[in-house]
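In what follows, a structure is listed as structure tokens, so that the remarks can point back to it.
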Amino acid sequence: PEEPPDEDEPEKRRHRPVRAAATGLALLVILGGGLFGGWSYTQQQYYVGATEEGQVAVFRGIQGQIAGLDLSTVHSTSPAQLDDLTLAAQEQVKQGIPAESEPDAERRLAELTSDSPTNPNLKPICPPNSPTPTASPNTATSPNTAISSTPVPTDVASTPTPSGSAA
């Protein structure tokens, strides 16, 4: 005996494309939401780093790249160059100095690059070249500064004896 064809079968086939489209759309919404959330998070982050030209700057975003896209942009720059900083400060800037907010990043940049004479992060600036008298190594500048090439004898008689001891 033959079984009658199931009348619900064509209806199931008709719902599968709709179900697949709904599932695909849901996945796209979740993926898009995740990407947007991640991008929003990175745009609230700030750090102090160096531009490709070597200028010390505040960056908005996070350090790094994904698929060749930078995850940060230059927010503000300072007139200071990376070479103006001490080696220790240069290493910190190259690694990126994280900040909690934009004002915090601006404060850290100002601390690094301030022209204060007591700023430990800047290399000391040498004074402009001033003419200073220099003498050649073989010339004595005064008779009292001449160096004798005659060896000084170091015999026992010329060494002082401690007081209170018999000679």
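The values are calculated or read from the model by the stated rules, or taken from the named source; none is laboratory data. Note that the structure is a prediction, hence the values are computed from the model and not measured. Using ideal geometry, Cβ is built from the backbone for each residue, glycine included, and neighbour counts are taken over all protein chains shown. Surface areas here come from the heavy atoms of the whole protein model, side chains and all, with no ligands, DNA or RNA. Shrake-Rupley method; radii C 1.70, N 1.55, O 1.52, S 1.80 Å.
Summary of computed values
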read-out: Order by protection proxy (mean Cβ within 10 Å, highest first), peptides 57-63, 72-78; value: 57-63, 72-78
read-out: Phi to ³J(HN,Hα) by Karplus 6.51 cos²θ - 1.76 cosθ + 1.60 over the stretch 91-106, Hz, x for Gly, Pro; value: 5, 4, 5, 4, 7, x, 9, x, 10, 7, 7, 4, x, 5, 5, 5
read-out: Apportionment of accessible area to carbon and sulfur, the stretch 26-105, percent (1.4 Å); value: 60 percent
read-out: For SER114, distant residues with modelled amide H under 5 Å away; value: none
read-out: Approximate spin-label separation ILE66-ASN119, in nm, with each point projected 7 Å along Cα-to-Cβ; value: 3.5 nm
read-out: Distant-in-sequence amide H partners of ASP70 (H built 1.01 Å from N, under 5 Å); value: none
read-out: The stretch 31-38 - phi-based ³J(HN,Hα) in whole Hz, Karplus 6.51/-1.76/1.60, Gly and Pro as x; value: 5, x, x, x, 5, 5, x, x
read-out: Histogram of C-alpha separations across the stretch 9-94, 5 Å bin width, %; value: 3, 12, 15, 14, 11, 8, 7, 6, 5, 5, 4, 3, 3, 2, 1, 0
read-out: Under 5 Å, built H, 5+ apart or other chain: amide partners of GLN55; value: LEU82
read-out: Using distinct alpha-carbon pairs, which all enter the 1/r mean, Kirkwood radius of the stretch 24-73 in Å; value: 12.3 Å
read-out: Accessible area in the full protein assembly, largest first, 1.4 Å probe, for ASP84, ASP70, ASP104, ASP115; value: ASP115, ASP70, ASP84, ASP104
read-out: Heavy-atom accessible area order for LYS123, LYS94, largest first, 1.4 Å probe; value: LYS94, LYS123
